[in-house]
Amino acid sequence: MSYLEQNIKRTPYGIVKFLHLNWAVLILIFAISSVGFLMLYSVAGGSLAPWAEPQLKRFVAGICMLLFIAMIPIWFWKNVSGLIYFISIMLLIGVDFFGTTGMGAQRWLDLGFIRLQPSELTKITTVLFLAAYYDWLDITKVSKPIWVLIPVIIILIPVSLIFNQPDLGTALLVLCGGGGLMLLAGVHWGYFLGIIMSLASGAVAIFYTRDTGLAILRDYQYRRIDTFLNPSSDPMGAGYHIGQSKIALGSGGVNGRGFMQGTQSQLNFLPEKHTDFIFTTLAEEFGFIGGLSVLAMYNLLILFCIVSALKNKDRFSSLVIMGIAFTFFLYFAPNMAMVMGFAPIVGVPLPLISYGGSSMLVLLGAFGLMQSAHVHRVR
Amino acid sequence: MVTSEIDTEYNKGRHDRRIFILGGAMAIFSSTLAYRMHFLQVSESSKFRLLAEENRINVRLLPPTRGEIFDRNGILLAGNKQNFKVILIRDEIKDLDQVLLNLEKILKFSKSFKDQLKSEILKRSPLIPITVSDNLSWEQLSNVAVNSPILPGVSPEVGLSRFYPRSTDYSHIIGYVGAVGEKDIIKMDRDYREGKISEKDPLLEIPKFQVGKTGVENKLDRQLRGKAGNKRIEVNSVGRIMRELSRAESIKGADINLTIDTRLQHFVQERLSGLSASAVIMNVNSGDLLAIGSTPAFDPNKFIGGISHSDYNSILENPYNPLWNKSVQGSYPPGSTFKMIVSLAALEAGVISINDEINCKGFTEISGRKFYCWKSGGHGKVNLHNSLKQSCDHYYYELSQRIGISKIAAMARRLGVGEKFDLPLPLVESGIMPSREWRRKEKGQEWKIGDTLNTAIGQGDVLTSPLQLAVITARLATNSIVKPRLIKSFSGLSLPIESFKSLNIDPAAMREVRRGMYSVVNDKKGTAYSSRVEQDDKEFAGKTGTSQVTEISKSERKRGVSKNEDKPWKYRDHALFVGYAPFTNPKYSVSVVVEHGGSGSTSAAPIARDIMLAAQYGSLPPLSAYPEAQRSRIGSTLTKMQLVDPEKTLRSEYE
C-alpha cells in the first residue's frame, strides 16, 4: 500500500479540483502557445491560414484533453500506464507498415482525423510506464542489475523502433528521457557512467563504419553530423540550414526587426520556418529580448514542475511530473541548440510553438498528467 | 506502517536530491543557450545583419535604351526594335522533355537545335533563365503565350535590340553593335586607369549587352549607350523576386543626327555597287559630309546577334574587302588630282606665271632616268590651263624641279594632305605627305630628285584618302580651310557650323586653277569631257586621276604591256576623280576612287557626275542634264538602279 493510497481521502473532490490545478503552469502554457500562434501568423505572411488557425483549433482540443486528463485521478493513469505504453509501441510498429513517409523517414500514421507521430507519443508513455515501474519496485532493488535491465528494455523497444524509421534524433531524445527518469528514480551512478561510455564507443563505431556496407547511419545523417562539426564547409548544401538560421537569428539583434518584419524567414531563406526552425523567426523579429523571454518562460514552466514534484510526496506522481518536465526540456533545448548552430539538425519541434499536431497534443496531454498528479497530490 | 513511512521519507530525500541534480543540469544548459543567444544576437549581430542584407537584396541593372541615329533629315538609320524572345527556367519544369517537345511544335525548330538547347539547359543552373529563342515574330510569341498551360516554366519576354533599317547603305558609317566582349572590358579598364573615364560602366558586365563594335556606333558608344538605372529587389532563397524596394530609371542614350543625306547616300551606294570603290560628297560651305560611299558593303544587321560562319566567310573571302571603309580608311596615290596643289605651290612660289609655256616632249630625263608623260609623244607647248585640262605630266615634272619638294609639301598640307580629320569614325586615314625628313625617318633613305618628280604627279609616297580628296577639293573651291563634319545634332541640339578660315591663296592663282579644272570637264580636249553636264547652272569642274599601283618597268614599256585591261585586276591602276559643283557657285565637292578601275576619265568621272547631279537635283538626275549622245545609255543604267525611297526600310525587322 503506497503513501498515496493511504491519504486518498485528503485529495479534493469534484469541481473543487479545478481550484487545485497548477495555474502557474497552465498560464505559462497559454502564454507560450500564444507566442506560437503569433509566430505562425507571421511566417504565413500575416495570415491565419495555413498554420495559425489549425494550430489554434488543436490547442483548444488539446486544452480540453488536458483538463479531462487532469480531472482523472493519477492512480488511474498509473494503473493503465502499461496498457498505454503497449498501445504506443503498437502504433510505432504500425508506422513501419502503414506510415506516411516524410523527410526520408516513416514517421506519421494517418488516423483520419489526425496525422499522428507515434514517436512523439512514446516520449510520454515510456516516461509514464517507467514511473509506474519504479513506483512498484522496491526502493532497495532499484540499482540491482536485473531490475536495471527491465527499464532498459522498456526504453530500448521504442528507441530501436524509432531508430528504424529512421529518426535518429527522436530516438536519442526518447533514450535521454528514459535515462532521465532512471536517474530520478535513483539508479546508481555507475550505470549512467557505463551508458555514457558505451554511447561514446558507439559513436566511434558509427564513424568507423562510415562508407562501408555496415554503415549504421543513413547518408544524410552522416552529412548532417559533418555539417554540425563544420557548418561552413558547405554553405549552400548541408550547412545551409544552420547558416541561414544563424544569419536570421543574428540579424535580429537586441530588439528584433519587429513583428512580421523578419526578412530572412519571411523570404523563405529559412527551411521549415513554421516547424523546427520557428525559433529563428521569433528571434529575428523579436530579437534577443524576445528569444530570451521565450527561454525564460520554458524554464519557468520547468521550475514550477520541479516545485510541484518536490511538494508531491507520492513517488509515482513526483516521477511523472519530473519526467514530463525533463521531456519538455528535451524538446526546447535541442531545438534551440540546433537553430543556434550548437547541435546537429534533428527533427525536434519547439514545444507549444512549432506547427504540428502530434507534439502539441502529446505535450498538452502530458501536462494533463502533470496536472492530475498535482491536483491529486496528498496534502 | 511506521517503517514504511520512514522508508518513504528517507527515499523522498534521495529522490529530491536527484531532482535538484537534473534541475541544475537543465538550468546550466539553458544558461548556455542564453549565452549563445546573446553572442549571436548582441555581440555578433552586426555581422549577421550584413549577411542578411546580402541574402535579401539583389541589385539588378536596368539597361538603358540605346540612343538612335538619324540622317540629316530625321530618317531613322539605327533604331531599337522590340526583340521578342522566349525564356525558360528549368526549376519550374517537371517534365523537361515534354516541354521541349511542345516548344518544338510551336516554334518549329529543328531537332538538332532542340538537342543542343537541351544540353545547354542541363549545363546551366536550373534557376538561371535561358533564352530558348529570340528575334521571334509576334505570331510566334503569341503562340507561346497562348500555349502557356502546356509550357510551364516558359515565358515570353520583350527586350530591345539594335536594328538598321537602311541595311547596307550605312554599314561603314554607322557600323554595328554586338554583344560586349572581353576586348570591350579591357578597353574600359584601360580608359579608367588612364583617367579617360571617371567610372567604370557596370552595363558592360551584363552578358550580351550590346556595344558599338565599329563605325559611329563604336566611336560614340558611350554617348549612345546612356546611363544604367537600377532596381533593388528583394529576393527569396530561390531567387524569386518578392518585391521591388527602389528603382532608379535608366537614362536613354543621346540621339544623334548625322550630316548624311540618306537619299544621296543610298544613291552613291547603288551607283558604286559592283565595284570596289568609294565616293565622298560634302557640302563645301558647311563641311557637312552628305554621303560617304564604300562598296561592297555588308548588312550590319547580320552582325548584331553574332554573324553566321558562312556569312562571315563570304565577307572575308570577297576580294573587294567589304568590311573596309575605303572612303575613310583607304589611302591611294592621288595621281593627277594632286596637280592642282603643285600648280598653286608653283604660282605662289612665283617660279612660273599663268601664261608661261613648257614644251612637253613626252618624257623628262633626269640623271639618266626617264620620266614619261602619260601621252607618248608629248603635248607640245602647254601652259598651266592646258596642263590641267590635258593632265600633262611633263609640265609638273618641270614645275616640281623648279620649286622643290618642301614647297609642294607645304601647300599640300595647307590643303589637307596628311591631315587627320576629327570624325567619329574608326581608323580615319591621315594619308602621307612625304618630305625629306619623313623619308629619312620612315624609310631611312635620302630624298632624291626623282621622288620630287613622282610626287608632283601624285605618285610615289604621297597617299590620300577619298575623304581627304573631297576636302581638298572643297578647299580649292572655296579658298578656305573647310573641315568635314559628320554629326549634325546631338540629343536634338544642332552643333554650330564652323566658319572656316581663309586659305590665303592668291585669288588669281586659285581662279586659274579652277578654270583649268572647269576645262577638264567642259573643254573638248579635257580629259573628262565625256562626263560633262549640259545644264548650265549645274556645270561642274574637276580633275581626273589615274594612279599606278605598280611601276611600269622598262621592259614592260618596250613590250607595250602597259594596257590596263591586260593586267590582273589587283595590278590595274586606280581611277580617281575629284570635282565640285556648280562651277559658278560651288556647293558640293566630290571625290570618287574606283580601285583598279583603270583611267579616271572613263571610270571615275561619270560616277562623280551622277553623284553631283543627284545632289543638285535632290533626286534621280533627269536625262536632259546629260549630253545628248549619252542619254539612252545613261537612261538605261539609271533605271537599272534599284533605288528605295529613304523613308522605307531596306530590310524588314523580322528577316
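The values are calculated or read from the model by the stated rules, or taken from the named source; none is laboratory data. As the structure is a computational prediction, the values presented were derived from the model and not from experiment. Every residue, glycine as well, gets a Cβ built from its backbone with ideal geometry; the counts of neighbours run over all protein chains shown.
Residue-wise test of (1) of a type in the set (Lys, Arg); (2) modelled with pLDDT of 90 or more.
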residue: A:184; (1), (2): no, yes
residue: A:210; (1), (2): yes, no
residue: A:220; (1), (2): no, no
residue: A:223; (1), (2): yes, no
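Of all residues in the range B:338-364, exactly one satisfies the criterion of being surrounded by fewer than 23 Cβ atoms within 10 Å (Cβ to Cβ) and aromatic (Phe, Trp, Tyr), namely B:363. When residue A:165 is tested against (1) surrounded by 17 or more Cβ atoms within 10 Å (Cβ to Cβ); (2) not in a loop (DSSP other than H, G, I, E, B), exactly one condition is not met: (2). Go through (1) free of Cβ contacts under 8 Å to residues at least 40 places away in the same chain; (2) assigned to a helix (DSSP H, G or I) for residue B:611 and report which single condition fails. Answer for residue B:611: the failing condition is (1).
Scanning the range A:321-333 for residues that are farther than 18 Å from residue B:16 by Cα and at the interface with chain B (Cβ under 7 Å from one of its Cβ atoms) yields A:329, A:333.
It is to be established whether one or more residues within the range B:170-182 are over 25 Å from the mean Cα position of the chain (by Cα) and surrounded by fewer than 16 Cβ atoms within 10 Å (Cβ to Cβ).
From the range B:170-182, those over 25 Å from the mean Cα position of the chain (by Cα) are none; that's our starting set.
No; the residues of the range B:170-182 include none that is over 25 Å from the mean Cα position of the chain (by Cα) and surrounded by fewer than 16 Cβ atoms within 10 Å (Cβ to Cβ).
Of all the numbered requirements in (1) of a type in the set (Gly, Ala, Ser); (2) in contact with a Phe, Trp or Tyr (Cβ under 9 Å, 6 or more places away or on another chain); (3) within 18 Å of residue B:107 (Cα to Cα), residue B:148 misses one, and that requirement is (2).
Only one of the listed residues (A:350, A:330, A:361, A:319) is touching an Asp or Glu at 6+ places or on another chain (Cβ under 8 Å) and either in a helix (DSSP H, G or I) or small (Gly, Ala, Ser) (or both). That residue is A:319.
Output the residue which, of all residues in the range A:247-275 that are outside any loop (DSSP other than H, G, I, E, B) and at the interface with chain B (Cβ under 8 Å from one of its Cβ atoms), is modelled with the lowest pLDDT. It comes out as A:264. In summary, residue B:533 fulfils each of the numbered conditions (1) crowded, with 17+ Cβ neighbours inside 10 Å; (2) without any contact (Cβ under 8 Å) to a residue 12 or more places away in the chain with the single exception of condition (2). Scanning the range B:293-316 finds one or more residues that are outside any loop (DSSP other than H, G, I, E, B), within 30 Å of residue B:460 (Cα to Cα), touching a residue at least 12 places away in the same chain (Cβ under 8 Å) and within 17 Å of the chain's Cα centre (by Cα).
Listed here are the residues, each with its yes/no results for (1) farther than 16 Å from residue A:127 by Cβ; (2) surrounded by fewer than 24 Cβ atoms within 10 Å (Cβ to Cβ); (3) in contact with a Ser or Thr (Cβ under 8 Å, 6 or more places away or on another chain).
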| residue | (1), (2), (3) |
| --- | --- |
| A:282 | yes, no, no |
| A:292 | yes, yes, no |
| A:299 | yes, yes, yes |
| A:307 | yes, yes, no |
| A:322 | no, no, no |
| A:344 | yes, yes, yes |
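Of the residues making up the range B:499-555, those that are aromatic (Phe, Trp, Tyr) and either out of contact with any Phe, Trp or Tyr (no Cβ under 9 Å at 6 or more places or on another chain) or within 18 Å of residue B:344 (Cβ to Cβ) (or both) are B:500, B:518, B:529. For the range B:53-74, the condition holds for at least one residue, the condition being that it is farther than 30 Å from residue B:148 by Cα, modelled with pLDDT of 85 or more, in contact with a Pro (Cβ under 8 Å, 6 or more places away or on another chain) and of a type in the set (Asp, Glu).
Across the range A:276-320, the qualifying residues are those that are of a type in the set (Asp, Glu) and more than 11 Å from chain B (Cβ to nearest Cβ), and the one among them that is farthest from the chain's Cα centre (by Cα) is A:285. Is it fair to say residue A:339 is at the interface with another protein chain (Cβ under 10 Å from one of its Cβ atoms) and either out of contact with any strand residue (DSSP E or B) (no Cβ under 8 Å at 6 or more places or on another chain) or at negative phi (or both)? Judged against the criteria, residue A:339 is a match. Selection of the range B:317-335 for residues being in a loop (DSSP other than H, G, I, E, B) and touching a Pro at 6+ places or on another chain (Cβ under 7 Å) yields B:318, B:320, B:322, B:330.
Of everything in the range A:39-76 that is under 22 Å from residue A:375 (Cα atoms) and of a type in the set (Val, Ile, Thr), the residue that is surrounded by the most Cβ atoms within 10 Å (Cβ to Cβ) is A:74. Looking at the range A:129-162, which of the residues that are more than 23 Å from residue A:314 (Cα to Cα) and of a type outside the set (A, V, I, L, M) is farthest from the other protein chains (Cβ to nearest Cβ)? Only one residue fits best here, namely A:160. When we screen B:425, B:388 for residues that are under 30 Å from residue B:222 (Cα atoms), surrounded by 23 or more Cβ atoms within 10 Å (Cβ to Cβ) and in contact with a strand residue (DSSP E or B) (Cβ under 9 Å, 6 or more places away or on another chain), the only hit is B:425.
Mind checking whether some residue in the range B:229-239 is among the basic types (Lys, Arg) and closer than 30 Å to residue A:243 by Cα? Within the range B:229-239 (the criterion being among the basic types (Lys, Arg) and closer than 30 Å to residue A:243 by Cα), the answer is yes, since at least one residue qualifies. Checked against (1) more than 29 Å from residue B:584 (Cα to Cα); (2) in contact with an Asp or Glu (Cβ under 9 Å, 6 or more places away or on another chain); (3) modelled with pLDDT under 90; (4) not in a helix (DSSP H, G or I), residue B:446 passes all but a single condition, namely (2). Applying the criterion of at least 3 residues that are of a type in the set (Gly, Ala, Ser) to the helices (runs of 4 or more DSSP H) found wholly in the range B:336-403 leaves B:339-349.
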